[in-house]
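Everything on this sheet refers to the single structure shown next.
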Amino acid sequence: MTLVEAELDRQEAGAEMRKSYVAAHVYMILGVISGLFYREFTKAHDFRGDTQLAVMHTHLLALGMLGFLIVLALDKQFQLSGTKLFTAFFWFYNAGIAITVIMMGVHGIETVLGKHVPEAVPGIAGLGHTLLTVGLILLFVLLGKRIDKPTTTGTTEPEPAKTST
């Protein structure tokens with residue numbers, strides 16, 4: 001491999017890793033906005049009970065933002081992105097979060113408005129959880145394949161031991 005090819009591979013890997021960074025950033029923004037929506041919507045409707053809106057921002061921040069920051073760190077160490085397994089993980093996991101959180105929003109809004117929550121909402125939310133699970137299984141399969149492979153980033157030489165004089 002020439003130096004030019006190696007540089008192009010490095011740039012392509014960086015572009016793939018950026019997807020996890022962008023996903024984490026988007027989930028951070030959505031998490032903060034959904035927390036604000038929960039506070040203002042329940043206040044506007046003088047609602048004091050339990051609602052799915054109360055935990056929607058937590059799901060976005062924990063599963064979305066923190067999840068993808070962890071994936072980003074794992075990707076940096078084990079070069080996960082740029083593979084078919086990573087692409088499948090990325091889309092299954094994101095679809096799972098999206099479906100789950102949308103159904104939490106529908107359920108929460110209906111509850112605050114005092115309306116009946118349609119029977120389909122929990123079933124569709126279950127589909128979101130299933131997609132999340134498939135995504136996590138794909139991530140662990142990929143991580144298991146990469147965990148024993150040496151990384152090409154960083155030095156492979158151990159640091160010399162420091163001696164006291």
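The values are calculated or read from the model by the stated rules, or taken from the named source; none is laboratory data. This is a predicted model, so every value here is computed, not measured. We place every Cβ from the backbone using ideal geometry, glycine too, and count neighbours over all the protein chains shown. With ligands, DNA and RNA removed, areas are computed over all heavy atoms of the protein, side chains included. Shrake-Rupley method; radii C 1.70, N 1.55, O 1.52, S 1.80 Å.
Numbers for the structure displayed
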item	result
Hey, residue 29 open to solvent by 80 Å² or more (accessible area, probe 1.4 Å) and assigned to a helix (DSSP H, G or I) or not	no
Residue match in segment 102-111 (condition: surrounded by fewer than 17 Cβ atoms within 10 Å (Cβ to Cβ), assigned to a helix (DSSP H, G or I) and among the charged types (D, E, K, R))	yes
Scan of segment 99-122 for residues that are of a type outside the set (A, V, I, L, M, F, W, C) and either closer than 21 Å to residue 31 by Cα or under 22 Å from the mean Cα position of the chain (by Cα) (or both), ordered by number	100, 105, 107, 108, 110, 111, 122
In segment 48-58, the residues that are surrounded by fewer than 19 Cβ atoms within 10 Å (Cβ to Cβ) and in a helix (DSSP H, G or I)	54, 55, 58
Filter result (in a helix (DSSP H, G or I) and among the aliphatic types (A, V, I, L, M)) within segment 64-88	65, 66, 69, 70, 71, 72, 73, 74, 85, 88
Subset of segment 71-90 (residues that are touching a residue at least 12 places away in the same chain (Cβ under 8 Å) and open to solvent by 60 Å² or more (accessible area, probe 1.4 Å))	76, 77
Number of positions in segment 112-133 that are in contact (Cβ under 8 Å) with a residue 24 or more places away in the chain, assigned to a helix (DSSP H, G or I) and surrounded by fewer than 18 Cβ atoms within 10 Å (Cβ to Cβ)	5
